[in-house]
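J.: I am attaching a structure below and will ask some questions about it afterwards.
We did not get these values from a lab; they are worked out from the coordinates using the rules stated. Owing to the predicted nature of the structure, the values given are computational and were not obtained by experimental measurement. Positions of Cβ are backbone-derived with ideal geometry, glycine not excepted, and every protein chain shown enters the neighbour counts.
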Amino acid sequence: MSYQEILAELKTLSVSEQLSLIQKLVELVKDDLVVSDKKDEVITANDRASAIERLRGVIKPEGPMLTDEDADRLRLEYLQEKYK
């Protein structure tokens, strides 16, 4: 169906059917688009997913992850040094 055919068909629908169709269209487009904070800049969901994939591993530590006990010990040592 062409754009013009869709518009012609839309005019034959009742107002409630038109509103229902508009709501469904908005939901479909909303899933595909994320509006940026910058004015008039639109980022697609694919662009966002691609950026996240490229950033994966950026903050990964070089060594093994700290255990909770190690983190607590480091925090305690830091506070002891700070408040000497």
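J.: Suppose we look only past 16 Å in the calculated P(r) of the chain. What percent of the Cα-Cα pairs does that tail hold? Present the calculation step by step, with values, prior to reporting the outcome.
T.: Details: 2666 of 3486 pairs.
Cα-Cα pairs of the chain separated by over 16 Å account for 76 percent.
J.: Next up: Mind putting a number on the dipole of the chain about its Cα centre? Charges go on the C-beta only, +1 for Lys and Arg and -1 for Asp and Glu, and I need it in Debye to the nearest 20. The partial results should precede the final answer.
T.: Numbers: 13 positive and 18 negative charges, 51 e Å.
The calculated dipole for the chain is roughly 240 debye.
J.: With n ≥ 4 as the cut-off for DSSP H runs, can you work out [θ] at 222 nm for the chain, using -39500 (n - 2.57) per run divided by the number of residues, rounded to the nearest 500? Walk me through the numbers on the way to the answer.
T.: Details: 4 runs with 53 residues, N = 84.
Mean residue ellipticity at 222 nm (helix-derived): -20000 deg cm²/dmol.
J.: Separation between the ARG48 and ARG73 pseudo-spin-labels, each 7 Å from Cα along Cα→Cβ, expressed in nm?
T.: So the label points at ARG48 and ARG73 sit 4.1 nm apart.
J.: Going toward the positive end of the dipole of the chain, with +1 on Lys and Arg Cβ and -1 on Asp and Glu Cβ, which of TYR78, LEU55, LEU21 do you reach last?
T.: Sorting the options by dipole projection puts first TYR78.
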